[in-house]
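Before any comments, here is the structure.
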Protein chains: 2
Amino acid sequence: MRSSGFEAPRNMAKPQKEQRPEAQLPKGFRDIEAGEIRAMADMLARIREVYEIYGFEPLETPAIEYTDALGKFLPDQDRPNEGVFSFQDEDERWLSLRYDLTAPLARYVAANFDRLPKPFRRYAVGPVWRNEKPGPGRFRQFMQFDADTVGTDNVAADAEICMLAADTLEALGFQHGDYVVKVNSRKVLDGVLEAIGLGGEEHAVRRLTVLRAVDKLDRLGIEGVQLLLGAGRKDESGDFTKGAELAEEQIGVVLQYLTAEGKDGAEKLARVGEIVGKSEAGAAGVEDLTRLLELCAAAGYPQDRIRFDPSVVRGLEYYTGPVFEAELTFEVRNEEGQVVRFGSVGGGGRYDDLVARFTGQRVPATGFSIGVSRLQAAIAARGQSRPQEGRGPVVVLVMDRSELPRYQGFVKQLRAAKIPAEMYLGTAGMKAQMKYADRRGSPCVVIQGSDERVRGEVQIKDLIEGSRLSAEISDSKEWREARPAQFSVPEAELVSAVKSVLARHGRG
Amino acid sequence: MRSSGFEAPRNMAKPQKEQRPEAQLPKGFRDIEAGEIRAMADMLARIREVYEIYGFEPLETPAIEYTDALGKFLPDQDRPNEGVFSFQDEDERWLSLRYDLTAPLARYVAANFDRLPKPFRRYAVGPVWRNEKPGPGRFRQFMQFDADTVGTDNVAADAEICMLAADTLEALGFQHGDYVVKVNSRKVLDGVLEAIGLGGEEHAVRRLTVLRAVDKLDRLGIEGVQLLLGAGRKDESGDFTKGAELAEEQIGVVLQYLTAEGKDGAEKLARVGEIVGKSEAGAAGVEDLTRLLELCAAAGYPQDRIRFDPSVVRGLEYYTGPVFEAELTFEVRNEEGQVVRFGSVGGGGRYDDLVARFTGQRVPATGFSIGVSRLQAAIAARGQSRPQEGRGPVVVLVMDRSELPRYQGFVKQLRAAKIPAEMYLGTAGMKAQMKYADRRGSPCVVIQGSDERVRGEVQIKDLIEGSRLSAEISDSKEWREARPAQFSVPEAELVSAVKSVLARHGRG
């Protein structure tokens, strides 16, 4: 509720001409209006239902955490807010806005470890903040929807996360063939790197360059990756990206890995097993993924839904085992009108060291995060959103201001019947009131002037039908005579008459 | 989704013994767990339904705004974050986390004025942040649920806000007599202050002291207020609060105002009209409130639901007309075990100058804000929350790790029937698995060892019934022989057997 103390907020000064603030948002932030909020709420409810059916429980952590608990060290002096929004508390300790939902989960588990069921399975949905350069479709506040299983290294937990991702997309209306959950393992990637002699701390930077190249397979194709593994690659704009400068033989191994063939995941993984050779990590990764795919296949998720993909890397350093990427594979037109695949709408993986940051005790964990805004964009692109027309409230017009209590009474009857309704609360005339109802997306308005009042009647004007007819009837005389989509009923029939209009348009 | 770029978040270092962060939240922040989240979601859905029925549309604004747009000036150097959490953007402009939902609404309306329907009616729900000293039940992040009508000075809009508050409380299960919406007007208070010669800028500080005293009528009674209007008051702990030092005659007028008698609001207001005398603001305030109460009474909200109360002040400086306070009047025990009235769960009022801060153009507005956490505490105190027992997932135990695909198949059948279910994903034995199911609040577990598997059966163990029986049966031999609440069914009957257990406990 608004503060009833007298101390805050202060400085809420009367308007002063000299120093009026601008009514604008900082770059990278945006307002979300009714249509999008409703579509989003529909979507979140469907995701939530799947997560609950899977046995995940909700958890909410606050927006603000200690910076060091989130795993960022103190911002350096040159760039005080790099990547995250940070500020000092009164005791000078650094606070940050969360940049994802995983770091707060690790802090929560570490703080409450003893009393939690193990494994601990939670979902979370909410905004996160990134202090990064905003761009088209790239905001500094956006929403994530995560599910994680913490406290087990059982690969069945990873398999289940993949099934969850697939089932979530189906619950949102995407069909087999519209999407795929791609799976890989950091251990497999480590195995390949070891196999080409890039194990060990001294090769850390070079390993990253190789992984970056592998990650680009989707966008650049095998030739592009080959260039990035070697000397480097010039893109269409002429920009040159320096490569990993691997030897021919090393490049050959990586390409063999990326193009491993087989009739199914198991066969491909067997081939990858040969490539990683004696690498212990590599062999463990291959075994994990083989079991993961077995579990998925047995549960009815064949490889058109959940599939091994050697090019999946996932950028975050903290992944330690299987990594997942949920991709929409159908085609849409991008902003330039080109036909492209929609691409990634979520991802995740196994991270076994995040809780240990706090406690020193290893707590294995695996999870998945949906990019809610991208998923919503995909749903909109597929035309799967609910139409918004006529979803506004019924508006009772004010024809005579001395009759407000009477109009308010009509509104009350409609509301009691669970029909969204309101009396026009402005002070303008009939024409502005009709325009208001149009803007609100009202299905109909209720009108009672003095003539109708004397007769104990109300007029109902169907705005959806009216707008359809007005597009059809061009003659304005004919229009006025027909008075289309407008009819009178006794006051006592107000609610049933409005219901009949709503029913006509598939509402109520 | 989690970032797939390689740049953020960095510094997610491997655990280092020397500098482990503590797993703790900053003071004044808290985690919210499943039971509370579910109760909260129930409550928010009911509030949302009432607001939608009233014709309010949802709007979401971001957490971060320009500090000056929120109406706070730059933080001074001594206390950089007073009242709000603030930090500088890369271009050095100050940003703040919103401290309420009203200031962002004013910014939104100013920025989008031309294209909005007028009046503009929106609701908003979300967290707000206050950089204040936390205390018991007082957090630095909490949730508000607001409804506002912007762009009309029609007192019918204020009346409707009061009805909305009353209907919201009823939708949450509070009955006539459990609550009251108290109404006053800043103009009436201004009139009283003018009547005792405290009009004009030169008396601004003194006026505030008088209003503070009036605001305390509920807590201190009329004698306490009398002292605070005079020399001052010493409380039980011996602390002295300096008073407004009004003359006897002035005090008499204020007390007359606070104790105005009458059979209903109209009569009381007529009496107040005499007290404010020639004050133009006072007369206008009395007229507003008279019409407001007329509208409420005509719509079926008599004074046991919406009532004039001369002691309602509301702390915020920006109110310009009617002010509202929703109070729960039933008694509960406080932390010290004393019986007290629950008190305020929301408030609001008319604020006609907030949009003009940006545009210079007056845009009258009125609104109401619910303190979601306090309201939830009230619902819990009344025992109106849904019980949580047995609301967890059905757990399929893992008796034989080579049979994971089979257990996963059971889970899949249950989920397909919309029954929350999971396979135990940890790696511990039977006893720990049963403990896990207990902790998760599972209604039952599904067990299949090798014996049952050979027979093509599963065992269902009803944990709710089991825990009831185990409290009744004290003899452990008798217990083992009875194997209460546990039965076998053929695999094909798994889903229907689980459904029968759920039905037994009122679920599904």
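Throughout, read-outs are computed from the coordinates displayed, never taken from laboratory work. These numbers were taken from a predicted model, which means no experiment stands behind them. Because the Cβ atoms are built from the backbone with ideal geometry, glycine has one as well, and the counts that use them run over all protein chains shown.
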Q.
How high is the relative contact order of the stretch A:206-297? Use alpha-carbon pairs under 8 Å, at least six apart in sequence, and give a whole percent.
A. 17 percent
Q. Hey, any idea what the orientation-averaged projected area of the convex hull of chain B's Cα atoms comes to, in nm²?
A. 34.5 nm²
Q) Considering every residue in B:339-351, what mean count of other chain Cβ atoms within 10 Å of its Cβ is obtained? A) 1
Q: Please give, to one decimal in nm, the separation of the simple spin-label points placed at A:A247 and B:R93, each 7 Å out from Cα toward the Cβ.
A: 5.6 nm
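Using just the Cα positions, wrap the protein assembly as shown in a convex hull and report its mean projected area in square nanometres, one decimal place.
About 49.7 nm², averaged over all directions.
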Q: Filter the trypsin sites (Lys or Arg not before Pro) in the stretch A:186-294 down to the DSSP loop ones having no more than 14 other Cβ atoms within 10 Å, then list what survives.
A: A:K263, A:K278
Q) Name the residues of the stretch B:23-44 whose amide N is less than 16 Å from a point 7 angstrom out from the Cα of B:H505 along the C-beta direction? A) B:35
Q. With a 10 Å Cβ neighbour count serving as the proxy for reagent exposure, in which order, fewest first, do A:I32, B:I460, A:I222 appear?
A. A:I222, A:I32, B:I460
Q) Using 0.36 nm per residue, how much length does the chain from B:V454 to B:A492 gain when fully extended, once their Cα-Cα distance is taken away? A) 12.3 nm
Q) Hey, any idea what the orientation-averaged projected area of the convex hull of the stretch B:242-388's Cα atoms comes to, in nm²? A) 13.8 nm²
Q) With a 10 Å Cβ neighbour count serving as the proxy for reagent exposure, in which order, fewest first, do B:T61, B:T168, B:T241 appear? A) B:T241, B:T61, B:T168
Q | Under 5 Å, built H, 5+ apart or other chain: amide partners of B:V458 | A | B:V489, B:E491
Q | Where the Cα pairs of the stretch B:138-203 fall when distances are cut into 5 Å bins, in % | A | 3, 12, 14, 15, 14, 16, 13, 8, 3, 0
Q: Name the lysines eligible as straight-distance cross-link partners of A:K234: C-alpha to C-alpha under 18 Å, and not fewer than 8 places from it in the same chain.
A: A:K216, A:K242
**Q.** Calculated from backbone phi, Karplus (6.51, -1.76, 1.60) coupling profile of the stretch B:427-441 in Hz, x at Gly/Pro
**A.** 10, 8, x, 3, 5, 5, 5, 5, 5, 4, 4, 4, 5, 7, x
Q: Specify the longest stretch of chain A that does not include any exposed loop site, a site being one of the GluC sites (Glu not before Pro) with a non-H, G, I, E, B DSSP assignment and at most 10 other Cβ atoms within 10 Å.
A: A:337-508
Q. Viscosity 0.692 mPa s, temperature 37 °C: Stokes-Einstein D of the stretch B:167-350 from its Kirkwood Cα radius, in µm² per second?
A. 191 µm²/s
Q. Which angle from 0 to 90°, rounded to the nearest 10, does the C-alpha axis of helix B:463-472 make with the longest principal axis of chain B?
A. 90 degrees
Q. Based on the Cβ-Cβ distance of A:D31 and A:H203, what FRET efficiency does E = 1/(1 + (r/R0)^6) give at R0 = 41 Å, to the nearest 0.05?
A. 0.30
Q: List the pair-distance distribution P(r) of the stretch B:189-271, using every Cα-Cα distance, as the percent of pairs falling in each 10 Å bin from 0 up to the bin containing the longest distance, rounded to whole percents.
A: 18, 49, 27, 6, 0
Q.
If you consider only alpha-carbon coordinates, what radius of gyration and Dmax does the stretch A:394-504 have, in Å?
A. 13.5, 40
Q | FRET E, pair A:D400, A:E267, Förster distance 60 Å, beta-carbon r, rounded to 0.05 | A | 0.15
Q: Please give the FRET efficiency for B:S470 paired with A:R468, using the beta carbon to beta carbon distance and R0 = 60 Å, rounded to the nearest 0.05.
A: 0.35
